[in-house]
C-alpha cells in the first residue's frame, strides 16, 4: 500500500520534560502588513480563505515552522503523509499543494524564491534538545513545539497533542536515497527570500522562528510574515 499516513521523524510529538526557557510570543509591526517574529518565538493567527501568507527570511538561513488547521474544525490539520502521497515527492515548492489529514487542500504554494523546505521533521522541543542535542548548551529550550503549544493554545484552544508535523519553511534536509539516512544542513535561503501561500479555506495558523541553532546556520534569527 502506497499511502503514507502522517509520516514523520518523531523527534518529539509530546514534550513531557518541562522547559527551563519560557514559551514565548513576541512580534512587532512593520510596514506593508508585515509582522516581525522575534528569534526563538511563535505566534498564531487566522488566515481567511483566498488570503495570501508570505513567510520571509529577512537575514537568510533561518527556518520557520508552519502549522495550519481548518478554522471550522480544528481536527482537520496539515498532513505531510497525505501531501507526499498526492505530490509523489517530499520536496515541495511553487505550484505544490499542502493537504490535510482529510485529503483536502489547505494551502497552495504560489511563489517560492528559496526553493528548499522540509515536511519530515516534527518541531524541535525540550526533549529534542535533551535527546538529540545534549551537550550543545541548548538544553531546556521550549523549542518550536513549546512555542506553538503556547501560541495556539492561548489564542485558539489547541491542545499539546494536536500540534503535529509542520511545514518547515527554509529548512534544508538531505535524504540519502540508498540508506534512507537524513541530515539537517544549513538553509539555502538568502536574505529576503520568501515562500508565499494562498489559503483554500479559513485557517488557524501557527508559525515560529525556529529555536534550533543547528537548523539555522548556528544563529537563531527573526522571521517576518505578511498577510493580505
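Computed from the coordinates by the stated procedures, all read-outs in this text should not be read as laboratory data. All of these numbers come straight from a predicted model, not from anything done at the bench. Backbone-built Cβ (ideal geometry, glycine too); neighbour counts: all protein chains shown.
Spot the failing condition for residue 111; the list is (1) under 24 Å from residue 184 (Cβ atoms); (2) out of contact with any helix residue (DSSP H, G or I) (no Cβ under 7 Å at 6 or more places or on another chain); (3) surrounded by fewer than 22 Cβ atoms within 10 Å (Cβ to Cβ), and only one is missed.
All conditions pass for residue 111, except number (1).
Which of the residues belonging to the range 179-197 are surrounded by fewer than 22 Cβ atoms within 10 Å (Cβ to Cβ) and either under 24 Å from residue 25 (Cα atoms) or in contact with a helix residue (DSSP H, G or I) (Cβ under 8 Å, 6 or more places away or on another chain) (or both)? Walk me through how you get there before you give the answer.
Taking the range 179-197 first, the residues surrounded by fewer than 22 Cβ atoms within 10 Å (Cβ to Cβ) are 179-186, 188, 190-192, 194, 196.
If the condition is that a residue be surrounded by fewer than 22 Cβ atoms within 10 Å (Cβ to Cβ) and either under 24 Å from residue 25 (Cα atoms) or in contact with a helix residue (DSSP H, G or I) (Cβ under 8 Å, 6 or more places away or on another chain) (or both), then 184, 186, 191, 192, 194, 196 are the ones that fit.
Kindly provide the set of residues from the range 46-59 that are more than 11 Å from residue 224 (Cα to Cα) and buried (at least 18 other Cβ atoms within 10 Å of the Cβ), ordered by number. Can you show your working first?
Quick first cut of the range 46-59, residues more than 11 Å from residue 224 (Cα to Cα) only: 46-52.
Scanning the range 46-59 gives a single hit, 47.
What's the total number of residues in the range 64-89 that are out of contact with any strand residue (DSSP E or B) (no Cβ under 7 Å at 6 or more places or on another chain) and under 22 Å from residue 187 (Cβ atoms)?
4
Does residue 213 satisfy the condition of being without any contact (Cβ under 8 Å) to a residue 24 or more places away in the chain and surrounded by fewer than 24 Cβ atoms within 10 Å (Cβ to Cβ)?
Values: without any contact (Cβ under 8 Å) to a residue 24 or more places away in the chain: no; surrounded by fewer than 24 Cβ atoms within 10 Å (Cβ to Cβ): yes.
Spelling it out, it is not the case that residue 213 is without any contact (Cβ under 8 Å) to a residue 24 or more places away in the chain and surrounded by fewer than 24 Cβ atoms within 10 Å (Cβ to Cβ).
Which of the numbered conditions does residue 124 fail, given that it passes all the others? Conditions: (1) within 15 Å of residue 199 (Cα to Cα); (2) part of a loop (DSSP other than H, G, I, E, B); (3) touching a helix residue (DSSP H, G or I) at 6+ places or on another chain (Cβ under 7 Å).
Only one criterion is unmet by residue 124, namely (1).
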